[in-house]
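K.L.:
Next up is a structure, given as structure tokens.
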Amino acid sequence: MSAGTIGATRKRYSLNRFLRWTAIPALAYAAVILLALVIWPATPGVFASGASLVGRWLSALNGVFTIGVALFIMRRVPNNACGPLLLLWGVGVLGWSQPIDWRVPALSTLMGLFYQWYFFGVAFSALVVLLYAFPTGHIVPTRFRLPLLAGVLVVVSLSVLAVTAASPADESNVILAPNPLYIPTVAAFTDQIQVVMLMVPLLMMLGAVASLGWRYRHAAYRERQQVKFLVFGFALLTIQAIFNVLSNGVRTVDESSAQLTLSVVRFMAWQALPAIILAVTIARYKLWDIDLVIRRTVSY
């Protein structure tokens with residue numbers, strides 16, 4: 001084994017060790033969210049659609065499912081970084097069920113701000129890195145690693161700045177008391193922060209597409225099937241999302257609307273998709289013939 005190969009292996013193991021240690025506080029945060037769900041089962045959560053209570057419980061089930069799949073993968077394939085990355089994403093999914101009101105206004109504001117930072121800074125970053133690392137657990141090509149690390153650091157830093165720029169004057173459902181972390185100087189650049197927070201993740205996602213293309217071109221048959229399954233799943237979800245926007249617009253679905261159930265199911269599918277894909281492609285040794293599935297879907 002060459003010195004370069006040994007160095008790369010050590011870096012991968014150190015990344016896996018770091019992610020596993022990061023998963024510990026994430027699981028502690030998940031336990032707090034579940035405890036709040038049990039104590040205040042009827043309190044609205046920070047769910048995006050009009051179905052606050054329905055979405056809160058479904059997001060909780062989705063988050064528990066995703067975390068369970070992640071723990072299973074971490075046990076089944078302990079040296080694969082996809083497991084811990086999926087766990088960090090799963091805690092972010094579970095966070096949608098976090099209550100808005102923690103009965104203490106200051107605590108409610110801090111918990112709401114913490115979740116905003118966690119979802120955009122940690123959970124979303126973990127999901128993007130997961131696309132680069134899927135399915136082997138290491139990022140390819142290697143020249144993408146440094147730009148990806150820089151992008152993650154920028155997203156985490158911007159999410160911190162966004163928290164310090166939030167004030168009660170903002171139209172937000174998580175600011176129930178004065179923000180103790182509020183910095184007026186940072187708040188003056190809120191528009192610029194939002195633009196950068198939009199552009200950097202977009203560039204990271206484009207890089208993920210390039211990474212998957214490179215992996216598919218240089219991978220063996222089984223890994224190509226895994227990449228196909230990933231692309232196929234996200235393509236179906238993207239198509240249905242575009243169809244939903246074209247048919248219903250971008251308005252929020254009202255709780256009394258007949259389309260409420262379908263809207264919630266679509267959002268749940270989007271949340272659970274990474275866990276479903278990893279459960280099928282990593283935990284199983286044999287894959288379905290994804291080429292046959294794609295052909296039949298297109299024909300249908």
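Here is a yes/no grid of residues against (1) open to solvent by 10 Å² or more (accessible area, probe 1.4 Å); (2) small (G, A, S); (3) in contact with an Asp or Glu (Cβ under 7 Å, 6 or more places away or on another chain); (4) farther than 29 Å from V196 by Cα:
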site	(1), (2), (3), (4)
T43	yes, no, yes, yes
W57	yes, no, no, yes
V69	yes, no, no, yes
I73	no, no, no, yes
L87	no, no, no, no
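K.L.:
Within the stretch 114-136, is even one residue over 16 Å from the mean Cα position of the chain (by Cα), more than 14 Å from M197 (Cα to Cα) and open to solvent by 20 Å² or more (accessible area, probe 1.4 Å)?
P.N.:
Residues of the stretch 114-136 over 16 Å from the mean Cα position of the chain (by Cα): 135-136.
Narrowing further to those that are more than 14 Å from M197 (Cα to Cα): 135-136.
So of that shortlist, the ones also open to solvent by 20 Å² or more (accessible area, probe 1.4 Å) come out as 136.
Yes, the conditions are met somewhere in the stretch 114-136.
K.L.:
When you scan the stretch 142-151, do you find a residue that is at positive phi, open to solvent by 20 Å² or more (accessible area, probe 1.4 Å) and of a type in the set (K, R), even just one? Before the answer, list the steps.
P.N.:
Of all residues in the stretch 142-151, those at positive phi come to none.
No - not one qualifying residue is present in the stretch 142-151.
K.L.:
Shifting gears a bit: Name the pairs whose Cβ atoms lie under 9 Å apart, with the first residue in the stretch 112-130 and small (G, A, S), the second open to solvent by less than 30 Å² (accessible area, probe 1.4 Å) and not in a helix (DSSP H, G or I), and 6 or more positions between them or separate chains?
P.N.:
Listed pairs, sorted by first residue: G112/V46; G112/Q98; G112/W102; G112/A166; G112/V174; G112/I175.
K.L.:
So, of the residues in the stretch 190-217 that are in contact with a helix residue (DSSP H, G or I) (Cβ under 9 Å, 6 or more places away or on another chain) and closer than 13 Å to V154 by Cα, which turns out to be surrounded by the most Cβ atoms within 10 Å (Cβ to Cβ)?
P.N.:
Taking the candidates together, the pick is M204.
K.L.:
To continue, here is another question. Could you list, ordered by first residue, the pairs with Cβ atoms under 7 Å in which the first is in the stretch 138-166 and charged (D, E, K, R) and the second is open to solvent by less than 70 Å² (accessible area, probe 1.4 Å), at least 6 apart or interchain?
P.N.:
Pairs that qualify, where the first residue is charged (D, E, K, R) and the partner is open to solvent by less than 70 Å² (accessible area, probe 1.4 Å), are R145/I139.
K.L.:
Quickly run through the stretch 22-31 and pick out the residues that are surrounded by fewer than 15 Cβ atoms within 10 Å (Cβ to Cβ) and over 14 Å from A70 (Cα atoms).
P.N.:
P25, A28, A31 - these are the residues of the stretch 22-31 that are surrounded by fewer than 15 Cβ atoms within 10 Å (Cβ to Cβ) and over 14 Å from A70 (Cα atoms).
The values are calculated or read from the model by the stated rules, or taken from the named source; none is laboratory data. All figures in this text were calculated on a predicted structure; none of them were measured in a lab. Cβ: placed from backbone, ideal geometry, glycine included. Neighbour counts: every protein chain shown. The area values use the complete protein model at the heavy-atom level, side chains included, leaving out ligands, DNA and RNA. Shrake-Rupley method; radii C 1.70, N 1.55, O 1.52, S 1.80 Å.
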